[in-house]
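What follows is a set of notes on a single structure, which appears directly below.
Every number here is computed from the coordinates shown, using simple stated rules; none is lab data. All figures in this text were calculated on a predicted structure; none of them were measured in a lab. Here the Cβ positions follow ideal geometry from the backbone for every residue, glycine too, while neighbour counts run over all protein chains shown.
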Amino acid sequence: MKPFFVTALQAAKMPRWLLLLMCVLYVVPGLVGRDPWRYEDAAGFGVAWTMAVATRGAADWLMPNVVGMPMLEEGPLPFWLGAIAIRVLPFLAPDTAVRGVAMVWLALGLVCIWYATWLLARRPETQPMDPFGASANAVDFGRAIADAALLLTLATFGLLARAHETTAESAQVAWIAVFLLGCALTLERPTLGGVLAGLAIGLTAASRGLPLAAALLMTAVLLAARVGAFRLVARPMLTGLLPTALLLASAWPLALVAQGEAGREHLAAWLGWNASLVSGPSLDTVAYAAQTIPWFFWPAWPIAGWALWRWRGRWLEPALAVPIVCAAMLALVAVLSPRGTEAMLLPLVPTAAMLGALGLPTIRRGLISLIDWFAVMTFTLVGAALWAYWIAFQTGWPPRMAFRAQQSVLGFLPSVDLFEVVAGAVVTLAWLGLVAWRVSRQPRAMWRSVILSSGGIVLAWCLLMTLWLPAGNHRKTYRDAAQQAGLVVSVRHGCVTTLGLDIAQRATFAYFGALRLDDTRPDCEWLLIADRANAPLDPSQVPGTWRQAWRGQRPVDRLEQFRLFRRVPG
């Protein structure tokens, strides 16, 4: 690798208030002021709420389910945290408490990414050349790289929506960040760093399963075996890592075995799901990756690619080795997946951001200009469109735009919330000010290359979660339909058997409609069916004679329908 030089101006610290403000504006909107949204978000909430209610006692805590429907494709850990929040925060609505936990683990992930990058980037082998004693010092250089890594994380397209869901996938991003921090800390405090990395491996096993946990374990082993700096601390590192990971990863399976036959069956099904995660690869996986990766990891992937090229020959230095080896192991798991999913790409976001940040000190001006130009054009147009369609929706002019906006949220009546409008206006003015500052001042700090991309993401997300939040909530929630069904059933408070409900529908109808869903009892007085109007399900599939008592749907989906039947006596 050719030597490079970084001045004190290039390593200038990003104002802490600005960095913290951007993190707050990224984390909080989207996790407050809304209902559980279909599909994954509502399903994740449903598992946590079922645990908190615990009608089946310990079985609900150990065998994740949504009101009796097993969730075999997830570990229980993220939902334990949500259920505990519901129990200890009774003054909050249950869905708000669960999203509060999601807010905490998202913030934890961002903090860990910053500190992991800082610990690695300030190491001597990563420092720029300094022939005249005029280069930035190690602390300032490491801090500037860490700032850039955090901004790249915020700017990554694919992370935005999924990070604001109450799912194991969003929690897994935080556990990956904890693991990276543990690896970085190992070089200074081997045992503590090993314990932290082992903790992340155990949390991963109890969240997203054994393949990802094995990928992290292999990362630690390869670092200890192949990277000189890690070989020096391999013994205390692995001494802290292996027992911690084994203890945490085995605790839940052992508890399931102790539950008897039902627990062992759940464990066997969960192990089968784990095996299915690496039963590929397939053409679907390759095609999905080719279509998704370019936008999912933008703008991190071109900068990370440049970093790999620019630092070639030095990949075994810790600052490069940690994200490269971890990314390689996680990518292997993603490749072995039989079908492509965003859930398999999400764990790669922290490693891509860390690697991309190391490319910024040597990045060419042309690539910086391309990324900046793309950010300014894209997010200015997105912001303008969100405002234009919102104004048309509220005023009815221009008519064509108003019609298109209304069609996307059928049944929603326009309303103006002064706080949301003011918040949207402030964020928009801040974006325009950021663009003007970047263009006019031409700052030399390394983080300048990604400030517009992260700022644009924050702008678009804040506008969606302020101006358009009521309409978006109307579009994605089952609250109204569930409450209508609940009013019909509440006359007798009988149990309700179901047909055709998916996990998200089951969670929201039980929560908002206060329905006692129970598919194990043959004598339930009520039957709730979820189907499509063009492919209705026959209530005669459930033993008994039924008379329809209610029919409802979400206004935004005219084909999706819900029908409530009451058993005819005799």
Once phi for every residue in the stretch 196-206 is put through the Karplus expression 6.51 cos²θ - 1.76 cosθ + 1.60 (θ = phi - 60°), the whole-Hz ³J(HN,Hα) values, with Gly and Pro written as x, are 5, 5, x, 4, 5, 5, x, 5, 5, 4, 8
When the charge dipole of the chain is computed with +1 at the Cβ of Lys and Arg and -1 at the Cβ of Asp and Glu, the Cα pointing farthest to the positive end, of Gln442, Leu501, Leu180, is that of Gln442
Table column - 3J(HN,Hα) (Hz), the stretch 532-539, Karplus curve with 6.51, -1.76, 1.60, x for Gly and Pro = 10, 4, 8, 8, x, 8, 8, x
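What percent do you get for the relative contact order of the stretch 479-567 when only Cα pairs under 8 Å and 6+ apart count?
31
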If you take the Cα Rg of the stretch 233-354 and divide it by 2.2 N^0.38 Å, with N the number of residues, what do you get?
-> 1.34
Taking one equal scatterer on every alpha-carbon of the chain, how large is log10 of I(q)/I(0) by Debye at q = 0.09, 0.12, 0.13 1/Å?
-> -0.75, -1.23, -1.38
By how many degrees, 0 to 90 and rounded to 10, does the Cα axis of helix 94-121 deviate from the longest principal axis of the chain?
-> 20
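What percent does the relative contact order of the stretch 365-476 come to when contacts are Cα pairs within less than 8 Å and at least six residues apart?
40
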Just check the stretch 1-152 against the gyration tensor rule for me: Cα atoms, a ≥ b ≥ c as the square roots of the eigenvalues, rounded for a/c under 1.5, and otherwise prolate or oblate depending on whether a/b exceeds b/c.
-> prolate
If you average 1/r over all unlike Cα pairs in the stretch 479-567 and invert the result, what Kirkwood radius do you get in angstrom?
-> 12.8
Ranked highest first by average number of other Cβ atoms within 10 Å, how do 475-488, 95-108 line up?
-> 95-108, 475-488
Mind ordering 400-406, 532-538 by average Cβ neighbours within 10 Å, highest first?
-> 400-406, 532-538
Could the peptides 461-468, 556-563, 386-393 be put in order, highest first, of the mean number of other beta-carbon atoms found within 10 Å of their residues?
-> 461-468, 386-393, 556-563
Cysteines, the chain, no other Cys beta-carbon under 4.7 Å | Cys23, Cys112, Cys183, Cys326, Cys462
Helical contribution to [θ] at 222 nm, DSSP H n ≥ 4, -39,500 (n - 2.57), averaged over the chain, rounded to 500 = -20500 deg cm²/dmol
For the chain, calculate the relative contact order in percent as a whole number, restricting contacts to Cα pairs under 8 Å that are 6 or more residues apart.
-> 17
Cα axis of helix 283-296 to longest principal axis of the chain: angle in degrees, 0 to 90, nearest 10?
-> 70
Separation of the stretch 516-570 and the stretch 472-511 by C-alpha centroid, Å?
-> 11
Just the C-alpha atoms of the stretch 176-235: what Rg/Rh do they give, with Rh taken as the Kirkwood radius?
-> 0.97
The size of the Cβ-based charge dipole (Lys, Arg +1; Asp, Glu -1) of the chain about the Cα centre, to the nearest 20 debye, is 1060
Select from Val421, Ala334, Gln394 the residue farthest towards the positive end of the dipole of the stretch 327-428; place +1 on Cβ of Lys and Arg, -1 on Cβ of Asp and Glu, and compute about the Cα centre.
-> Ala334
If one takes the longest principal axis of the Cα atoms in the chain, at what angle in degrees, from 0 to 90 and to the nearest 10, does the Cα axis of helix 16-27 lie?
-> 30
So what J values fall out for the stretch 307-317 if you push phi through Karplus, 6.51 cos²θ - 1.76 cosθ + 1.60 with θ = phi - 60°, rounded to Hz, Gly and Pro as x?
-> 4, 4, 6, 5, 9, 4, x, 10, 5, 8, 7
Quick note on Trp114, Trp252, ordering by fewest other C-beta atoms within 10 Å, gives Trp252, Trp114
